[in-house]
Amino acid sequence: MLTDREKKILKAIVETYTESDNAEPVGSHTLMKMDEFSKYSSATLRNEMAELENLGYLDKTHTSSGRIPTELGYRLYVDELMDPEGLEDEFNEQINQFFEVNHVSRKEIIKTLVKLIVDNKDFNYGAIILEKTAFNSCIKRLSFAATKNHKGVFVLITDQGLVLHKEVNIPEGISSTNIEKTVNYFDEKLKDVLLNDFKNASKIKIPDDGFFDYMSNAEAVVEFTLRNIYLLVEDKRSIIGQFNILNHHDFADIETAQEYLDSLKDNSIYQIVEFDNGPLPVISSIESKNITVKIGQENNVEFMKKCSTITAYYESKNGTGAITIYGPIRMKYKYIIAALRALVNNLN
């Protein structure tokens with residue numbers, strides 16, 4: 001059980017360290033400059049920091065006498081010590097104004113607001129927006145129907161009963177009959193493929209079975225068909241600011257950066273969002289019933305164990321969705337949690 005003074009010191013170290021531009025460890029002299037610690041000697045603060053280190057909440061780097069938080073330290077901070085309430089009020093006002101003056105779809109508003117958050121120079125994080133209907137869904141049926149005026153409709157049905165449709169203009173030189181034949185072909189080839197595994201048209205390997213040998217303009221037909229199926233899938237999921245976190249000191253390691261880039265390439269990045277058991281609260285002290293925070297090793301996929309993820313779940317007329325903001329473990333937790341809570345409060 002930590003003393004009140006130890007908790008205050010841990011809170012100050014977490015917030016000072018996460019808000020520094022160069023990930024500088026926090027020493028006793030830095031704490032002494034703060035009003036709440038100015039009455040303590042440097043020796044007293046060093047002793048308290050040493051005790052927090054012994055308890056596993058802080059770590060001492062080899063290059064400085066200062067300390068940095070451990071994953072355990074961040075967890076205690078998130079669970080008990082941070083206070084995002086004032087920040088949430090500020091975000092609420094901004095988001096309310098945004099909803100009032102923007103007359104586009106709710107989906108576009110969500111994307112725009114999340115982009116504003118993660119692209120902020122003080123954050124530089126990434127984000128995933130995912131509807132539960134697209135989580136672990138498989139393609140069960142693909143179809144295409146030509147309509148009037150050289151238009152057509154693509155339809156995708158998943159094993160969870162989700163029906164996606166998209167009206168398109170058929171390009172010159174492409175036959176609607178050939179599109180229909182191609183969609184029927186892929187209806188068989190893509191059956192039971194996970195939406196999360198569906199890749200761009202250029203990534204899909206077309207079987208060399210001779211099906212397209214005698215089709216006019218076959219390459220353009222295939223590209224057009226796959227691109228529109230891909231857009232149907234992407235309508236239920238988005239990734240925003242995916243390259244932002246490469247600007248962080250924590251991703252200077254080439255191996256870490258490569259693992260992350262590989263996850264973007266093969267779409268495994270979407271696995272960081274979890275719906276299996278529904279939203280489980282982990283932020284006990286601030287009663288955030290629809291927010292989960294996973295720090296480092298708590299994450300469910302290997303390549304994210306050097307990151308933190310903050311997920312807000314929301315309900316809409318289309319069902320349940322999730323917004324996950326991710327970045328290095330040295331995240332500005334209270335700001336992101338406040339922003340997400342304000343955003344979700346305006347969606348539910």
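Just so you know, all these numbers are worked out from the coordinates, no wet-lab data involved. None of these values were measured; they are calculated from a predicted model. Virtual Cβ from ideal backbone geometry, glycine too; neighbours counted across all protein chains shown.
If you take the beta carbon distance between Leu72 and Lys33 as r and set R0 to 22 Å, what does 1/(1 + (r/R0)^6) give as a FRET efficiency, to the nearest 0.05? If you can, show how the numbers build up before the last one.
Values: r = 26 Å, r/R0 = 1.19.
Efficiency, from the Cβ-Cβ distance: 0.25.
In degrees, nearest 10, range 0 to 90: what is the angle between the Cα axis of helix 42-54 and the longest Cα principal axis of the chain? Its long axis makes an angle of about 50 degrees.
To the nearest 0.05, what FRET efficiency results for Asp122 and Leu261 with a Förster distance of 30 Å applied to their C-beta separation?
0.80
State, as an integer percentage, the relative contact order of the chain based on alpha-carbon contacts under 8 Å between residues 6 or more apart.
On the way: 524 pairs, mean separation 70.0, N = 348.
Relative CO of the chain lands at 20 percent.
Volume per residue of the convex hull around the Cα atoms, evaluated for the stretch 4-81, comes out as 88 Å³.
Dipole magnitude for the chain: about 520 debye, using +1 per Lys or Arg Cβ and -1 per Asp or Glu Cβ, origin at the Cα centre.
In summary, the chain shows an alpha-carbon radius of gyration equal to 1.20 times the 2.2 N^0.38 Å reference for compact globular proteins. Can you give the FRET efficiency for Asp192 and Asn247, using 1/(1 + (r/R0)^6), R0 = 25 Å, r = Cβ-Cβ distance, to the nearest 0.05? It comes out at approximately 0.05.
Taking the charge dipole of the stretch 29-87 about its Cα centre, with +1 at Lys and Arg Cβ atoms and -1 at Asp and Glu Cβ atoms, the residue from Ser38, Leu72, Gly86 reaching farthest to the positive side is Ser38. For the stretch 32-63, the residues whose backbone nitrogen is under 14 Å from a point 7 Å from the Cα of Asp83, taken along Cα to Cβ, are 36. Stretching Ser41 away from Ala218 to a fully extended chain increases their span by 56.0 nm, per 0.36 nm per residue minus the current alpha-carbon distance. Subtracting the Cα-Cα distance of Glu167 and Glu180 from their residue separation scaled by 0.36 nm leaves 3.3 nm. Do the alpha carbons of any pairs in Lys305/Lys334; Lys132/Lys294; Lys33/Lys305 sit beyond 30 Å of each other, and which pairs? With Cα atoms farther than 30 Å apart: Lys33/Lys305.
Excluding Ser176 itself, what net charge comes from residues whose Cβ is under 14 Å from its Cβ, given Lys and Arg +1 and Asp and Glu -1?
Values: positive: Lys148, Lys151, Lys181; negative: Glu167, Glu172, Glu180.
Neighbour charge sum, excluding Ser176 itself: 0.
Considering only alpha-carbon pairs that sit under 8 angstrom and 6 or more positions apart, the relative contact order computed for the stretch 84-184 is 16 percent. Of the residues Val221, Val163, Val233, the one whose Cα sits farthest toward the positive end of the charge dipole of the stretch 139-234, with +1 on the Cβ of Lys and Arg and -1 on the Cβ of Asp and Glu, is Val163.
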